[in-house]
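Written below as C-alpha cells is the structure these notes are about.
The values are calculated or read from the model by the stated rules, or taken from the named source; none is laboratory data. The structure displayed is predicted, hence computed values, not measured ones. Note that each Cβ is placed from the backbone with ideal geometry, even for glycine, and that neighbours are counted across all protein chains shown. Areas reflect the complete protein model, heavy atoms only, side chains present, ligands, DNA and RNA absent. Shrake-Rupley method; radii C 1.70, N 1.55, O 1.52, S 1.80 Å.
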Amino acid sequence: MSDLRYTAQRPERTEIPRTKRGEGQWALGYTEPLNKNEQSKKDDNPLNVRDRILNIYSKRGFDSIDPADLRGRFRWMGLYTQRKPGIDGGKTAILDEEELDDRYFMLRVRSDGKLLSPAAVRALGTIGVDYARDTADITDRENIQYHWIRVEDVPAIWDRLDGAGLHSTEACGDSPRPFLGSPVAGVAVDEIIDGSSALAEIERRYIGNPDFSNFPRKFKTALTGHPSHDVAPEINDVAFVGTVHPEHGPGFDLWVGGGLSTNPMLAQKLGVWIPLDEVPDAWEAVASIFRDYGYRRLRSRARLKFLVQDWGVEKFREVMENEYLGRALVSNPSPASPVGHRDHIGVHDQKDGRKYVGIAPTAGRVSGSLLVQLADLMEEYAVQGARLTPYQKIVLIGVEPAVVDELLDRLDLIGLSARPSNWRRNTMACTGIEFCKLAIVDTKDRARDLVAELERRFPDLDTPITVNVNGCPNACARTQVADIGLKGQLVMHEGEQVEGFQVHLGGATGLQANFGRKLRAHKVTSAGLDDYVSSLVTNYLADREDGETFTTWVLRADEDLVRGEKTLESALVGGSS
C-alpha cells in the first residue's frame, strides 16, 4: 500500500512526534518502500496469495511457487517453509534462506480463543494424521502447528478447517497475528467479564481485511476478563484486560506496546475503561496507528513497542482519541496485577455447576493421533469443548462433576494429565532446530528430557518454577519472563562449538513483571543443562526465606549460587544431583 486512504484526518491540535530521519511512516508522507519486505507488500497484497495457492501452486507443485510468495506472502496464509533436515545450528546465520528451505511447510492454525467442539478437535487431529506425518504442537499463541505439509494438500486441509470453523488466515506475516483469549471465558466463577464476543467481532471485521493486512511487522493481540490475566497481556502489542469502573461496571483497560525478542518491553497501561461493545473500535484504532505511524524502514524497529516508547503512552492515547476514535476514553485506574498460576491446570468450578479441567502436554508437543484420542474422550464423557492456552496447555470446558475422576484417569493414560508435576506444568519450548530456520539448538526434545530428569531429581517440588526453552534470540517461548529462561546458542566446550544456552533468571509477568537477570558471560551446554538447573534449584530450596518466590530469590542471591558454581544442601532433592 502506498497511499493514505485508510488514514484518519487529524485535528490541527494533535501534534505528531517526528523522528530525526524518515522511518517509513505512511501518515507522515514516507510512502515509498524502504526494504524488500515493504516492496513485496506494495507489489501485491499478501492476502491475494490464497487464490494462487488454490488455483496454481497446489496443482503444479512446489517448484511452481514464485519466490516472493514462497518466502513472503505465504506467511499470510499461515505457511512457512520449514528447515531442511541435517543442517546444524552453526549454519543458521550463514546460509541463505533458500539453502535452509525444505520442500515442506509448517502450517499454523489459529484458534483465537474459540471453544473447540469435539468435532473440531477431531478435525485438527485428523489433519495431523493425514497430512502432517502425525505432527501437531500447541503453541503459546493458542495455535495448532503442523509440519511436513505439502503445498498440494493445502486446499484439502483448508476445507477440513473450514468445516470445523477454523482457518490459518494471517496466522503469520505482517498482520494481526492469532489472538490470545482467556481459556475460561464465560465459565470461570471469578471472571470479571467475558470478552469472547469482542474477539469474535475483531476477527469478523479485520482478519482477511486488506485494510489491515499490511502492518510494519507482526501485531499481537490479547484479551481477557479473568483476574489472573491469563493471556500474558504485558508482552502483547495490544491487550484488553478486565477491569471494573466504580460507576460503569465491568469493562476493559487497554495496554499497548508489549513485546519480547531482542529488545523486550513491557506493555504500557492506558488506565482507561472500555465497554465490551467498544473493544473492536479500540482495537481498530490501535491497529490503525501502528499501520499509519509504525516504523517501516528497519525491520528491527518495526514493532509497535518502539513507537509507544518514542511517543509515550500519553501521546499515544491523545492520537488514538483525536485521530481515530473521535472521542475521549473514560479514565479508570488500571487493575492490580496478579501473582500465581495463569494456566488453569487441574479441576475448577464453573458458574453453571460443571467443571473445567486444565491438562498439560509436555512442552506443547502433542500429535494428530493424540488429538484424535482427546476428541474420543470428549465425546465419550460429553465434554462441551476445549480451549488452547498461552502456556501450551489445553482446558476442557463443561465437564459433569460425576465423570471428573474417571475422565482424569483416562486422560493420564493418553499422556494429557490434569495432575502434572510442577516441572511438566511449568516448562515451555519453542519449535527449535527440528523445523525452524531461525533456530540454533534443539528445544522440544531437550525440554522433555529436562522435565523427566527434574521430575526424577525433585519429585516433590513444592513451588512452581517456570522453565522456558528457546532455540534462538527471538523469544517465541518467552525466555525473558520465565524463572529460568534458556536462549539457545552455540557455546565453546573443550575447544569445540556445541549446543548450549544463555541463561536468564527471575523473569516474570504479573505482579513481579520483569525481564530477569542475565548472567554475564555465563553459558551452559545442552549436555550440562540437567546438572546446572538441578544445582540452581537446590540452592533456591536451601537458601529461600519463608514464602519467597524463585523470582525474588534469584534477584538477591549470591552470584556463585545462581551460576551453579556452588551447591548447597536441600531436603527436597529426590534422586542424585
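Quick check on my link table: of LYS20/LYS218; LYS218/LYS355; LYS269/LYS523; LYS36/LYS487, which ones sit more than 32 Å apart, alpha carbon to alpha carbon? Don't skip to the end; give the middle numbers.
Numbers: LYS20/LYS218 24 Å; LYS218/LYS355 36 Å; LYS269/LYS523 35 Å; LYS36/LYS487 29 Å.
Flagged as over cut-off: LYS218/LYS355; LYS269/LYS523.
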All-pairs alpha carbon distance profile, the stretch 97-161, 5 Å steps from 0, percent: 4, 17, 28, 25, 15, 7, 3, 1, 0
Rg/Rh for the chain to two decimals, with Rh computed the Kirkwood way over all alpha-carbon pairs. 0.95
Leaving out ligands and nucleic acids, note down the accessible area per residue over the chain with a 1.4 angstrom probe, in whole Å². 38
Give me the accessible area of VAL533, 1.4 Å probe, in Å² rounded to the nearest 10. 0
Could you tell me the relative contact order of the stretch 365-421? Use alpha-carbon pairs under 8 Å, at least six residues apart, and round to a whole percent. 27
State the cysteines of the chain left without a partner when partners are defined as other cysteines whose beta carbon lies under 4.7 Å away. CYS172, CYS436, CYS472
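Given R₀ = 25 Å, what would the calculated FRET efficiency be for LYS20 paired with ASP43, taking r from the Cβ atoms and rounding to 0.05?
With R0 = 25 Å, the Cβ-Cβ based efficiency is 0.25.
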With no solvent and one point per C-alpha, what does the Debye sum give as log10 I(q)/I(0) for the stretch 147-227 at q = 0.13, 0.15 Å⁻¹? -0.54, -0.69
Please work out how much length the chain gains when fully extended from GLU152 to ASN474, using 0.36 nm per residue of separation minus the C-alpha to C-alpha distance, in nm with one decimal. 112.9 nm
With unit charges on the beta carbon (Lys/Arg positive, Asp/Glu negative), name the residue among LEU199, VAL524, GLY86 whose Cα is farthest towards the positive pole of the charge dipole of the chain. GLY86
Once you wrap a convex hull around the alpha carbon atoms of the stretch 462-577, what is its projected area averaged over all directions, in nm²? 7.5
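Cα-Cα pairs above 28 Å in the stretch 229-371: how many percent?
On the way: 3306 of 10153 pairs.
So the pairs more than 28 Å apart make up 33 percent of the total in the stretch 229-371.
Would you calculate a helix-derived [θ] at 222 nm for the chain, using -39,500 (n - 2.57) for each DSSP H run of n ≥ 4 and dividing by the full residue count, to the nearest 500? Numbers along the way, then the final one.
Details: 17 runs with 153 residues, N = 577.
One gets -7500 deg cm²/dmol as the mean residue ellipticity at 222 nm.
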In the chain, with Lys and Arg counted as +1 and Asp and Glu as -1 at Cβ, which of these residues, HIS248, ALA164, PRO280, has the Cα nearest the positive end of the dipole, that is, farthest along it? PRO280
Carbon and sulfur %, accessible surface of the stretch 258-403 computed with the full protein complex present, 1.4 Å: 49
Can you tell me the relative contact order of the chain? Whole percent, Cα pairs under 8 Å, sequence separation 6 or more. 13
Could you tell me the relative contact order of the stretch 120-221? Use alpha-carbon pairs under 8 Å, at least six residues apart, and round to a whole percent. 25
When only the heavy atoms of the protein chains count and the probe is 1.4 Å, how do TYR206, TYR80 rank by accessible area, highest first? TYR80, TYR206
Hey, any idea what % of the stretch 56-126's accessible area is carbon plus sulfur with a 1.4 Å probe? 51
